[in-house]
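These notes concern the structure reproduced below.
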Amino acid sequence: MNDYLDITASELLKELHNFFLINTYNGAEAGFWVNEKALIDKHYWMDGENKVEIVRELSPSHQHAPDYQITLLSPLDGHVVLLEYDGVGKKIQTFRRGEWVNRLYKYFYQKERYYLQQLSEHPNFQLIQY
C-alpha cells in the first residue's frame, strides 16, 4: 500500500466523492419529497479501537456542492474533527494529517474492490468481449 501521508485534502475529497457514489443508497429513502435523510449521508468506520464518522451533507439550494466532515469519535479525547470541507464556499476548514489517511484509503480501496466484484457477478454488468 502506498504512503498517503503527503496527500492533499483535494485528493482525499475526490476519494470521498467516489466512495459516496458507490456506498450511499440502501433503498430506505423513497419518494420525491426533500427530507433531512436524503440530504445527509453518514457512514461509520472502525479505525482500530475508535469509531470514525464520515458525513456528506447536501444543502437543498446547492445539491451539486456537498459538505464533508470526518470526525474521530474517541471516548478518551472526545470528538476530533479530522477533515471539514465547505462545499458551497469550496474551502477546507480543517485537515489533520496522520496515519488515519493511510487506513482510510485502504478501507476505501477494499470497499471499491468489493463493489466492483459484486458488479462483475451481476448479469446486467457482464464484461462484453469483442
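Here are the numbers for this structure:
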{"quantity": "All positions within region 71-110 that are part of a strand (DSSP E or B) and β-branched (Val, Ile, Thr)", "calculated": "THR71, VAL80, VAL81, ILE92, THR94"}
{"quantity": "Inter-residue pairs, beta-carbon under 8 Å, first within 26 Å of TRP45 (Cα to Cα) and in region 110-130, second surrounded by 10 or more Cβ atoms within 10 Å (Cβ to Cβ) and at pLDDT 75 or above, 6+ apart", "calculated": "LYS111/PHE19; LYS111/ILE22; GLU112/ASN18; GLU112/PHE19; GLU112/ILE22; TYR115/ILE22"}
{"quantity": "Residue match in region 97-112 (condition: among the β-branched types (Val, Ile, Thr) and either in contact with a Gly (Cβ under 7 Å, 6 or more places away or on another chain) or at pLDDT 85 or above (or both))", "calculated": "yes"}
{"quantity": "Matching residues in region 56-82 - criterion: being farther than 16 Å from ARG96 by Cα and surrounded by fewer than 16 Cβ atoms within 10 Å (Cβ to Cβ)", "calculated": "GLU57, SER59, PRO60, SER61, HIS62, GLN63, HIS64, ALA65, PRO75, LEU76"}
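The values are calculated or read from the model by the stated rules, or taken from the named source; none is laboratory data. Only a predicted model underlies this, so the values are computations on that prediction, with no experimental measurement involved. Please note: Cβ atoms are built from the backbone with ideal geometry, for glycine as well, and neighbour counts cover all protein chains shown.
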